[in-house]
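Everything below concerns the one structure shown next.
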Amino acid sequence: MSDHIRTRHDGGVLEVVIDRPKANAIDLATSRALGVIFRDFRDNPALRVAIVSGAGEKFFCAGWDLKAAASGDAVDGDYGVGGFGGLQELRDLNKPVICAVNGICCGGGLEIALSADLIIAAEHATFALPEIRSGTVADAASIKLPKRIPYHIAMDMLLTGRWLDVHEAHRWGFVNEVLPADRLMERAWELARLLESGPPLVHAAIKEIVREAEGSTFQTAMNKITKRQFATVDRLYSSEDQLEGARAFAEKRSPIWKGK
């Protein structure tokens, strides 16, 4: 495991903090370590929600470590399971991930944030895709960002590398909430506790449906749901939790989710 990543878990919540001064940039070794952490999170039934953030007050993550690249880390090297940062290519991650952006979020750091399900940010956070200025392509962002925000805004960021402050990022919809810096992690944990208390099998089904439907027509995706061709939907519809939800509603009480 890397010395540059801090983790802790409390109940069903895992917190992952990138701590690699001074910019929390990610080299190959750190990426591989993050991949192991998020793979284990995915595979551990006791963990239901993850929070990812950066250490310090200035940087969330500056993305790919260009100094490490200059020293021999290949840009197309082995990033480990889950690809760069451990999240953006991790297969079958059917649990919610919250990204708490505590400062500068650029390049691969923004791509990590885009791999989360919810993004909250401190008031001083800023966002950019500066790869264009170093003669390379923001590969994952080129795929994801035009699907998340208006096409012309995404292309502006990709083609010019310009910076967005947090309020513009919020206006275009890829930041859910803007918070004072001293409230950021408190709010992240509030959201994590809310999600932890929810039905994990439903969360899993939502994530699989949303992910798989992105490359399908509406009717194809709907047919796969109604025919129980998504593994998570099939498991949900055969679960104790499905019955518990109906019973709790009829009995006017809070459901007790068991994840089975």
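The values are calculated or read from the model by the stated rules, or taken from the named source; none is laboratory data. Quantities reported herein were computed from a predicted structural model and do not represent experimental measurements. Note: areas computed on protein heavy atoms with side chains; ligands, DNA, RNA excluded. Shrake-Rupley method; radii C 1.70, N 1.55, O 1.52, S 1.80 Å.
Quick notes
- Converting the Cα gyration tensor eigenvalues of the chain into ellipsoid dimensions via √(5λ) gives semi-axes, longest first, of 32, 20, 19 Å.
- Averaging the sequence gap over all C-alpha pairs within less than 8 Å and six or more residues apart, then dividing by the number of residues, gives the chain a relative contact order of 15 percent.
- Percent accessible area from carbon and sulfur atoms, the chain, protein chains only, probe 1.4 Å: 54 percent
- Between helix 184-196 and the chain: long-axis angle, C-alpha atoms, 0 to 90°, nearest 10: 30 degrees
- Heavy-atom accessible area, probed at 1.4 angstrom with all protein chains present, ranks 22, 147 as 22, 147, highest first.
- Among 88, 219, 242, residue whose mean-square fluctuation peaks in a GNM of the chain (springs only between Cα atoms under 10 Å): 219
- Calculated [222 nm] ellipticity per residue, helices only, for the chain: -12500 deg cm²/dmol; basis is -39500 (n - 2.57) per DSSP H run with n ≥ 4, divided by all residues, nearest 500.
- The range 198-249, accessible area per residue, ligands and nucleic acids excluded (1.4 Å, Å²): 61 Å²
- Result for the chain in a Gaussian network model with C-alpha springs under 10 Å: among 155, 185, 222, the largest mean-square fluctuation is at 222.
- Max mean-square fluctuation residue, GNM over the chain, Cα-Cα springs under 10 Å, options 160, 226, 126: 226
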